[in-house]
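Okay, structure first, notes after.
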Amino acid sequence: MIDLRNKLGIIFGVANKRSIAWAAAQALAEAGARLALTYQNERLRENVEELAQSLAGSITMQCDVTRPEEVAQTFARVREEFGRLDFLIHSIAYAPREALEGEYLQTSREAFLTALEISAYSLTELARAAAPLMTDGGSIVTMTYYGAEKVVPHYNVMGVAKAALEASTRYLAAELGQRNIRVNAISAGPIQTLAARGIGNLTTMLKHHAERAPLRRNVEAREVAHTALFLCSALSSGITGEVIHVDCGYNIMAF
C-alpha cells in the first residue's frame with residue numbers, strides 16, 4: 001500500500017465527480033495526502049467544494065489558468081496553508097467546441113491559441129509556480145491522450161495541443177530534474193468526462209476503443225488515478241519525462 005501521509009499536493013482540473021482529477025484526488029487522499037483542489041470559475045465552485053468536504057483537511061480555490069493573477073493567488077494561498085508542495089496534478093484541457101468538429105484545416109487562429117494556452121502552456125505556467133514550493137523535490141503529473149501521437153477523428157486541435165503538452169513534459173523534466181522534481185504524463189484512454197463530451201463522436205470512439213484494446217474494454221478513471229498515485233509516490237522515484245499509457249493496451253495495436 002502506498003503511504004502519502006504528511007505529503008501535500010494540489011490538483012487542477014476537478015469539475016465534477018466524473019473528472020479524472022477527482023478520481024486522482026480520491027486515490028491520493030486515501031493514501032493519506034492533504035490536498036488543495038482548484039476550480040475554474042464560480043459556476044464550478046459549489047460542485048468542487050461539496051466534493052472536497054469528503055477529503056480531510058483539503059482546501060479549495062478558484063484558479064482560471066488564463067488569469068496570471070489567479071495563478072499567483074493560488075500558490076500564495078498554498079504557501080500560506082501548506083508551506084510546501086510534494087506533488088501537482090495537471091488535468092486541464094479545453095478547445096472551443098467548433099474546433100472539435102469538421103476539419104482541422106479550418107481551425108481558427110483564436111481556437112488554436114486558446115487550446116494551446118489552456119491545454120499545454122498551463123502546465124509550464126503551473127510548474128514554474130510550484131517548483132519553488134517543492135523544497136524536498138516533488139512530482140508533477142499531467143494528463144494527455146493518444147491523439148497527440150496519431151490522428152483521431154474530431155480530436156483536431158486538441159491533438160496538436162496534447163502533442164505540445166507531451167513535449168513540454170520532457171523539457172520540464174530535463175530542467176527540473178536537478179531540483180529532484182519529476183514530470184510525467186499519463187496517456188489515458190477515452191473516458192466519459194465533462195471535457196470529453198465536447199468531442200464529436202465520443203460514443204463511437206469509446207466503442208471502437210473497447211473492441212480493439214487488448215483488454216477488450218475501456219479504461220476507468222480509477223485506473224488512471226492509481227497510476228497518478230504511483231507517480232506521486234516514492235515508488236516512481238526513478239521515472240521522469242515519460243508518457244505512460246493507461247488505455248487497456250489500445251496504443252500497441254496497429255489494426
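Quick one: length gained pulling A167 to M1 fully straight, 0.36 nm per residue minus the C-alpha distance? Mind dumping the intermediate values first?
Details: separation 166, 0.36 × 166 = 59.76 nm, distance 3.18 nm.
Difference between extended and current length: 56.6 nm.
Could you give the dipole magnitude of region 3-142 about its Cα centre, charging the beta-carbon of Lys and Arg +1 and that of Asp and Glu -1, in debye to the nearest 20?
That gives a dipole near 320 debye.
Between 0 and 90 degrees, rounded to the nearest ten: what's the tilt of helix 221-231 against the longest Cα principal axis of the chain?
Helix 221-231 sits at roughly 50 degrees to that axis.
Considering the dipole of the chain built from charges on the beta carbon (Lys and Arg +1, Asp and Glu -1) around the Cα centre, which of I252, Q192, T227 is farthest to its positive end?
I252
Which GluC sites (Glu not before Pro) does region 68-108 hold that lie in a coil by DSSP with at most 13 other beta carbons within 10 Å? Numbers along the way, then the final one.
Values: sites: E69, E70, E80, E81, E98, E101, E103; in loops: E101, E103.
The qualifying sites are E103.
Please turn the phi angles of region 14-19 into ³J(HN,Hα) values with the Karplus equation 6.51 cos²θ - 1.76 cosθ + 1.60 (θ = phi - 60°), one per residue in order, whole Hz, x for glycine and proline.
6, 10, 7, 5, 8, 5
With a Förster radius of 25 Å, plug the Cβ-Cβ distance of E211 and K17 into 1/(1 + (r/R0)^6) and report the FRET value to the nearest 0.05.
0.35
For the chain, report the accessible area per residue in Å² (1.4 Å probe, heavy atoms, rounded to an integer). Before the final figure, lay out the partial values.
Working: 12360 Å² over 255 residues.
Solvent-accessible surface per residue comes out at 48 Å².
Return the whole-Å distance between the Cα centroid of region 204-249 and the Cα centroid of region 13-39.
With region 204-249 and region 13-39 each reduced to a Cα centre, they are spaced 17 Å.
Calculate, in nm to one decimal, what R179 and S108 gain on full extension: separation in residues at 0.36 nm each, minus their alpha carbon distance. Write out the running numbers ahead of the final one.
Values: separation 71, 0.36 × 71 = 25.56 nm, distance 3.89 nm.
Residue separation times 0.36 nm, minus the Cα-Cα distance, leaves 21.7 nm.
Name the shape class, rounded, prolate or oblate, that the alpha-carbon gyration tensor gives for region 1-141, where a ≥ b ≥ c are the square roots of its eigenvalues, rounded holds for a/c under 1.5, and otherwise prolate holds if a/b is larger than b/c and oblate otherwise.
On the way: a/c = 2.00, a/b = 1.65, b/c = 1.21.
Judged from the Cα gyration tensor, region 1-141 comes out prolate (a/c at least 1.5, a/b above b/c).
Given axes a ≥ b ≥ c from the Cα gyration tensor, I'd like to know whether region 132-245 is rounded (a/c under 1.5), prolate (a/b larger than b/c) or oblate. Before the final figure, lay out the partial values.
Numbers: a/c = 2.57, a/b = 1.79, b/c = 1.44.
Prolate.
Describe numerically, in nm with one decimal, the distance between label points set 7 Å from Cα along Cα→Cβ at E50 and at K150.
Those two pseudo-labels are separated by 3.9 nm.
Tell me which residues come under 5 Å, amide H to amide H, from G138 once H is placed; ignore anything under 5 positions away on its chain.
Correct list: I181, R182.
I'd like the carbon and sulfur percentage of the solvent accessible area for the chain, probe radius 1.4 Å, heavy atoms only, ligands and nucleic acids excluded. Present the calculation step by step, with values, prior to reporting the outcome.
On the way: 6180 of 12360 Å².
It is 50 percent, rounded to a whole number.
5 Å is the cut-off here: which amide hydrogens, built 1.01 Å from N in the peptide plane, fall below it relative to Y39, excluding neighbours closer than 5 in sequence?
Amide H to amide H, under 5 Å and 5 or more residues apart or across chains, Y39 pairs with M61, Q62, C63.
For R97 and A72 in the same chain, what is the full-extension length gain: residue separation times 0.36 nm, less their Cα-Cα distance, in nm?
On the way: separation 25, 0.36 × 25 = 9.00 nm, distance 2.87 nm.
Using 0.36 nm per residue and subtracting the Cα-Cα distance, I get 6.1 nm.
Extending each Cα 7 Å along its Cβ direction at L235 and I252, get the distance between those two points in nm, one decimal.
Modelled inter-label distance: 2.0 nm.
The values are calculated or read from the model by the stated rules, or taken from the named source; none is laboratory data. Values in this document were obtained by computation on a predicted structure and should not be read as measured data. Because the Cβ atoms are built from the backbone with ideal geometry, glycine has one as well, and the counts that use them run over all protein chains shown. Quick note on the areas: whole protein, heavy atoms, side chains included, nothing else; ligands and nucleic acids left out. Shrake-Rupley method; radii C 1.70, N 1.55, O 1.52, S 1.80 Å.
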